[in-house]
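In what follows, a structure is listed as structure tokens, so that the remarks can point back to it.
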Amino acid sequence: MSATLEIRNLHVSVEGKPILRGVNLTVRQGEIHALMGPNGSGKSTLSNTVMGHPAYEVTEGEILFDGVDIVGLEPDERSRLGLFLAFQYPVAIPGVTVANFLRHAINARRKAENPEDKGISIPEFRKLMMEKMETLRMDRSFAGRYLNDGFSGGEKKRAEILQMAVLEPKIAIMDETDSGLDIDALRIVAEGALTLHERIEMGILIITHYQRILNYIRPQVVHIMMDGRIVETGGPELVEHLEEHGYDWLREKQSNGA
Amino acid sequence: MTTRRRVAREFTPPPLTRADVEAVSKQYDEPIWLRQARLEAWAQYEALPMPTTQDEAWRRTDYRHIDWGSAGALLSPNGGAFDDIPPENRDPLLGEERGGLVAFVDGKPVHDEIGEVLAAQGVIFMDLRRAAREHADLVRAHLGTRAVPPDEGKFAALNAALWTHGVFLYVPRGVQAALPVHSVFYATHPGALIGRVLVVLEEGASVDFLHETLSPTLGADGSYIGVTELIVGDDARLRYVALQDWGLNVFEFSHQRARVGRDARLDWITGQMGGKFLKAFMEIELDGEGAWGRMSALYFPADTQFMDLDTQQNHNAPHTTSDLLFKGALKDHARSVWQGMIKALPGAQKTDGFQANRTMILSRGARSDSIPGLEIQANDVRCTHAAATGQIEDEVLYYLMSRGLPRAEAEKLVVDGFFVPVLDRIPFENVRERLLAHVERKLLGA
Ligand SMILES: Nc1ncnc2c1ncn2[C@@H]1O[C@H](COP(=O)(O)OP(=O)(O)OP(=O)(O)O)[C@@H](O)[C@H]1O
Ligand SMILES: [Mg+2]
């Protein structure tokens, strides 16, 4: 059965200040959507609200995963349902190695499914991790580094995709994964995401400001967010239009419509 | 009409007497010099006042709630045996090979063993009382003479007069001990446990040493009055790991000091987990030119545990280096105090001293105080300190949880990670694992 993330009339406030003002968006497993929009329009707010960040308060609307409202769930419960967020700004966890963290993340899933589970065996885990690291062309030494601690911008983004590859979510939100990546890294990371899309039908909501990553991960649907709302939805041609014309035409359209 | 009077409890001493000193000395059939030393220490003990919260070093450290009725009676062995010690605390440190294990239960020697390898190297590792007879010159020259003299403080004097058990480690000149050694002080019932650690490394010697002090939770207040002396000769290298895991009604008062010779290295790591109350003075004297000393601590008080760690890094010679890293996590209503002093004598030029105490507060009711200090009398030195208290950040928890880790597990991972820089300094894998398991029990415990 394929999973669906359905966001209905979502209103979100931070510290009492409204940020999202009625967002509607549906992403199914197997689909690729792009979400674009000017700085500060609310894209990361949407991502973090879907993932369950405690600072974002849902004041109205619903977030459904397979028809069940997940607004009251903790981030870990949402993750175990099959949601994943590749963060725009991953945080550093000093003292916790990439390998140790991944093993904990895998085991948390196994334990949730079966409380008796003893956890993944070390050899099995090593094999899995090395395999994923190889496809992302990451150096072996990466596994022993403290998660995101002193990572370069590009290394952080790669580490996010490594986690995604290991956890194999049903639906992933990639929040500006392309920013900070050099041209080669961008291709490798995009291929990593595409592989998951093809192999396990991972649904993708990709947030970006630029066309480049979308040349690899080709969206069927493109949404544009402004001031906390999705104001335009269309096909891939929208991306080119934006590259050429920016957002002004949309702003005008908005104010004319209002 | 009734008037209510607050009972101002006093800083009373334990109900021990000179007769106890004589009895202890007699019981063990000690050499005369040791008996003399005990009686002199007793005189010093009597001359010193009990520390009070008026004393700077004890300002935040009130022990008036101790019940000396149970904690002040010398512990009697009562049939405690080696098997009483939990197996993980007497397992070999590395694989199957054992350098040596000396263990005491309620002050009684229950295991006194040095392996063939170290014995062949000339290493001495044994019950200190036995050493006082069999290696009298060595013990007499170093016991309470160089590192912790009896007049160091009230509890140091008490220890010198009344110690009932101890461990002695001696590594001869130029010998690199091929295996680590391990000692355990264990208590099975409440009372006053008075023990000593004496380590002497001759020039160019080296060894790794794990010392553990622990007990289960006892039925009433207990105390540990401890003295640790680490004498690291010129060019010698000592790695000393001390783990404390007393039961929740034990009060520890201890004086611990290392003397580090020319170009010698001391790596001192401590894990402080148990006890109701802890006052530990831990000091490094960098006596010889080029001496290096590092002191690391991992501490985790929970419930209403109180820990006061009082450190000194004394640069007494030029070109000396000291490095202190203390990391504490505090839960429930726990409290910790760290006061750390770096001193550089006039003449101690080109010295480099660093100290950092970092604490993580895991509950609203917990509190930690850091009091760093510098006393620099040389002009060409580099001494810095850092202290920081924080909590687990929401962003960090959210990040970990977004990968499927339940909150408690995410917290554990963060705390583990916080302790890692100190854990990494412990050369024994099974000790690191034990400490992590302890951290987990504490975190998950209500
Ligand atoms: N935790 C927060 N606290 C306060 N304000 C916030 C918080 N998160 C978001 N905001 C505000 O909400 C608005 C939307 O921010 P958001 O990060 O969602 O934008 P974005 O579309 O992701 O922008 P960008 O393209 O720059 O990443 C901004 O005005 C931002 O300042
Ligand atoms: Mg953003």
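The values are calculated or read from the model by the stated rules, or taken from the named source; none is laboratory data. Because the structure is predicted, anything quoted here is derived from the model rather than measured. Because the Cβ atoms are built from the backbone with ideal geometry, glycine has one as well, and the counts that use them run over all protein chains shown. We work out accessible area using only protein heavy atoms, side chains counted, and drop any ligands, DNA or RNA first. Shrake-Rupley method; radii C 1.70, N 1.55, O 1.52, S 1.80 Å.
Name the long-range amide H neighbours of B:Ala192: under 5 Å, sequence gap of 5 or more, or other chain; modelled H, no Pro or chain starts.
Result for B:Ala192 returns B:Ala73, B:Leu74, B:Leu75, B:Ser223.
Roughly what % of DSSP beta bridges within segment B:23-288 run antiparallel, to the nearest 5?
DSSP beta bridges in segment B:23-288 are roughly 15 percent antiparallel.
For segment B:24-116, give the magnitude of the charge dipole about the Cα centre (Cβ charges: +1 Lys/Arg, -1 Asp/Glu; no others), in debye to the nearest 20.
Roughly 520 debye for segment B:24-116.
Explain nothing, just the number: relative contact order of chain B, from Cα pairs under 8 Å at least 6 residues apart, as a whole percent.
The normalised contact order for chain B reaches 10 percent.
Taking H placed 1.01 Å from N in the peptide plane, check which residues at least 5 places from B:Gly328 or on another chain put their amide H under 5 Å from its amide H.
Excluding prolines and chain starts, which carry no amide H, the hits are B:Tyr299, B:Arg358, B:Thr359, B:Met360.
So which of B:Lys26/B:Lys154; A:Lys132/A:Lys156; B:Lys276/B:Lys442; A:Lys17/A:Lys157; B:Lys276/B:Lys331; B:Lys327/B:Lys442 end up more than 18 Å apart, counting from Cα to Cα?
Violating the 18 Å limit, Cα to Cα: B:Lys26/B:Lys154; A:Lys17/A:Lys157.
What's the whole-number percent of alpha carbon pairs in the protein assembly as shown lying beyond 42 angstrom?
41
Charges at C-beta only: +1 for Lys and Arg, -1 for Asp and Glu. How large is the resulting dipole of segment B:23-288 about its Cα centre, in Debye rounded to 20?
540
For chain A, what's the relative contact order in percent, using C-alpha pairs closer than 8 Å and at least 6 residues apart?
Contact order relative to length: 27 percent.
I'd like the Karplus ³J(HN,Hα) series for segment B:112-126: coefficients 6.51, -1.76, 1.60, θ = phi - 60°, whole numbers in Hz, and an x wherever there's a Gly or Pro.
For segment B:112-126, the Karplus curve yields 9, 9, 10, x, 4, 4, 6, 4, 5, 7, x, 6, 10, 9, 6 Hz.
To check you understand DSSP bridge types, tell me what percent of the beta bridges within chain B (both residues inside) are antiparallel, rounded to 5.
Within chain B, antiparallel bridges account for around 10 percent of the total.
In sequence order, what are the phi-derived ³J(HN,Hα) couplings for segment A:128-144 according to the Karplus relation 6.51 cos²θ - 1.76 cosθ + 1.60 with θ = phi - 60°, rounded to whole Hz, with x for glycine and proline?
4, 5, 5, 4, 5, 5, 5, 5, 8, 6, 9, 5, 4, 4, 4, 4, x
If the label point is 7 Å along Cα→Cβ of A:Thr59, which residues in segment A:1-25 have backbone nitrogen under 18 Å from it?
A:8-24
For segment A:146-258, report the accessible area per residue in Å² (1.4 Å probe, heavy atoms, rounded to an integer).
Roughly 44 Å² per residue, with all protein chains present.
When the convex hull of the C-alpha atoms of segment A:116-179 is computed, what volume per residue in Å³ does it have?
Enclosed volume per residue, from the Cα hull, is 117 Å³.
Rounded to the nearest 5, what is the percent of antiparallel bridges among the DSSP beta bridges in segment A:4-255?
In segment A:4-255, approximately 60 percent of DSSP beta bridges are antiparallel ones.
Within a 10 angstrom radius of each residue's Cβ in A:66-75, how many Cβ atoms of other chains show up on average? Whole number is fine.
Mean shielding by partner chains, rounded to a whole number: 2.
Roughly how crowded by other chains is peptide B:389-401, in terms of the mean Cβ count from those chains within 10 Å of each of its Cβ atoms?
Average neighbour count from other chains, rounded to a whole number: 5.
With the full set of protein chains in place, find how many percent of the accessible area of segment B:396-446 is carbon and sulfur; take the probe as 1.4 Å.
Taking all protein chains in place, segment B:396-446 shows 56 percent carbon and sulfur surface.
Compute the long axis of helix A:153-167 from its Cα atoms, compare it with the longest principal axis of the Cα atoms of chain A, and write down the angle in degrees, 0 to 90, nearest 10.
For helix A:153-167, the angle is close to 70 degrees.
For segment A:9-118, calculate the relative contact order in percent as a whole number, restricting contacts to Cα pairs under 8 Å that are 6 or more residues apart.
Normalised by residue count, the contact order of segment A:9-118 is 22 percent.
Can you compute the charge dipole magnitude of chain A about its Cα centre, using +1 on each Lys and Arg Cβ and -1 on each Asp and Glu Cβ, nothing else charged? Give it in debye, rounded to the nearest 20.
The calculated dipole for chain A is roughly 640 debye.
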